[in-house]
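Engineer: My structure is below; once you've seen it, I'll send some questions.
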């Protein structure tokens, strides 16, 4: 294949478990850019939570955020394309969250909102505090997610965690069946809920075709279930060694895990 676009998931893929970029990956990706490749971040994250990585990679391309819910122009600071969750669906989902006593983050406009500081919120907030102020993602605690969903312009997605994984899985199944929303696992204990039809693969395909390219020109790196759509859509889908076996089975190639120089090695041996 003649790859011209490198699509990169962040957590579990390009980032180490400590949420850092390996120097080897950064160097290899800079070499790839110099050779004419376009690099694209395709993440489950909110755009306010990609600052340090986008800047380190010195990208010009837009970022695909919240599992394909929207395309964000980082430099112009604006959303280019989006399919947010309808307000009535968000309200119904929040009612179900209350019923099941599950908490999490609601990704909206330019911040992530929560009612209760769960472990996931605390961990992510602590990570944010470790960053320079200009790079810190925005978190907002609110008295009522239901009211907030009514007041904001866009609800991008919900990120839900719970120590009781069987309960969380059952909840996701109930949501898909009753609300026709999309549930994707983005971490071993996190399920993301967004508008049905949104996916990394769909938004990536739209952007690639808008550039006059084909998905055959794309090599995509990912590690989790929310990456499967782009791994399958790309000319070459590369799964990380730390991925679940079900994800590896949907990729063309499996490399080493996200603590090693495996992405750099793949770029040098297969792309440059």
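The values are calculated or read from the model by the stated rules, or taken from the named source; none is laboratory data. Note that the structure is predicted; figures quoted are calculated from it, not measured. When we count neighbours, we look across all protein chains shown, and the Cβ atoms used for this are built from the backbone with ideal geometry, even at glycine.
Engineer: Residue check, residue 158 against (1) in the same structural domain as residue 175 (by TED's automatic domain parsing); (2) crowded, with 19+ Cβ neighbours inside 10 Å; (3) in contact with a helix residue (DSSP H, G or I) (Cβ under 6 Å, 6 or more places away or on another chain), all met but one. Which one?
Structural biologist: Residue 158 satisfies every listed condition except (3).
Engineer: Still on this structure, I have one more. Return the residues of the range 1-38 that are more than 15 Å from the chain's Cα centre (by Cα), in a helix (DSSP H, G or I) and more than 15 Å from residue 60 (Cβ to Cβ); say none if nothing qualifies.
Structural biologist: Within the range 1-38, 23, 24, 25, 26, 27, 28, 31 qualify.
Engineer: Next question. Is it the case that residue 85 is touching a strand residue (DSSP E or B) at 6+ places or on another chain (Cβ under 8 Å), part of a strand (DSSP E or B) and either buried (at least 17 other Cβ atoms within 10 Å of the Cβ) or free of Cβ contacts under 8 Å to residues at least 60 places away in the same chain (or both)?
Structural biologist: Values: touching a strand residue (DSSP E or B) at 6+ places or on another chain (Cβ under 8 Å): yes; part of a strand (DSSP E or B): no; either buried (at least 17 other Cβ atoms within 10 Å of the Cβ) or free of Cβ contacts under 8 Å to residues at least 60 places away in the same chain (or both): yes.
Against the criterion (touching a strand residue (DSSP E or B) at 6+ places or on another chain (Cβ under 8 Å), part of a strand (DSSP E or B) and either buried (at least 17 other Cβ atoms within 10 Å of the Cβ) or free of Cβ contacts under 8 Å to residues at least 60 places away in the same chain (or both)), residue 85 does not qualify.
Engineer: Also, quick follow-up: Could you figure out which of (1) within 25 Å of residue 11 (Cα to Cα); (2) touching a strand residue (DSSP E or B) at 6+ places or on another chain (Cβ under 6 Å); (3) assigned to a helix (DSSP H, G or I); (4) free of Cβ contacts under 8 Å to residues at least 60 places away in the same chain isn't true of residue 148?
Structural biologist: Answer for residue 148: the failing condition is (1).
Engineer: I've got another one for you. Which residue out of 157, 202 is under 19 Å from residue 63 (Cβ atoms) and touching a strand residue (DSSP E or B) at 6+ places or on another chain (Cβ under 6 Å)? Talk me through it step by step, then tell me what you get.
Structural biologist: Details: 202 fails: touching a strand residue (DSSP E or B) at 6+ places or on another chain (Cβ under 6 Å).
The conditions single out 157.
Engineer: What pairs come out if I take residues in the range 185-211 that are free of Cβ contacts under 8 Å to residues at least 60 places away in the same chain and pair them with residues that are surrounded by fewer than 24 Cβ atoms within 10 Å (Cβ to Cβ) and part of a loop (DSSP other than H, G, I, E, B) whose C-beta lies under 6 Å away, six or more apart or interchain?
Structural biologist: Cβ pairs passing all conditions: 196/180.
Engineer: Using the structure shown, decide if residue 73 is farther than 29 Å from residue 244 by Cβ, in contact with a strand residue (DSSP E or B) (Cβ under 6 Å, 6 or more places away or on another chain) and outside the structural domain of residue 188 (by TED's automatic domain parsing). If you could, list the steps in order and put the result at the bottom.
Structural biologist: Numbers: farther than 29 Å from residue 244 by Cβ: yes; in contact with a strand residue (DSSP E or B) (Cβ under 6 Å, 6 or more places away or on another chain): yes; outside the structural domain of residue 188 (by TED's automatic domain parsing): yes.
It is true that residue 73 is farther than 29 Å from residue 244 by Cβ, in contact with a strand residue (DSSP E or B) (Cβ under 6 Å, 6 or more places away or on another chain) and outside the structural domain of residue 188 (by TED's automatic domain parsing).
Engineer: Residues that are crowded, with 24+ Cβ neighbours inside 10 Å and either over 27 Å from residue 180 (Cβ atoms) or modelled with pLDDT under 95 (or both): does the range 195-218 have at least one?
Structural biologist: Within the range 195-218, one or more residues are crowded, with 24+ Cβ neighbours inside 10 Å and either over 27 Å from residue 180 (Cβ atoms) or modelled with pLDDT under 95 (or both).
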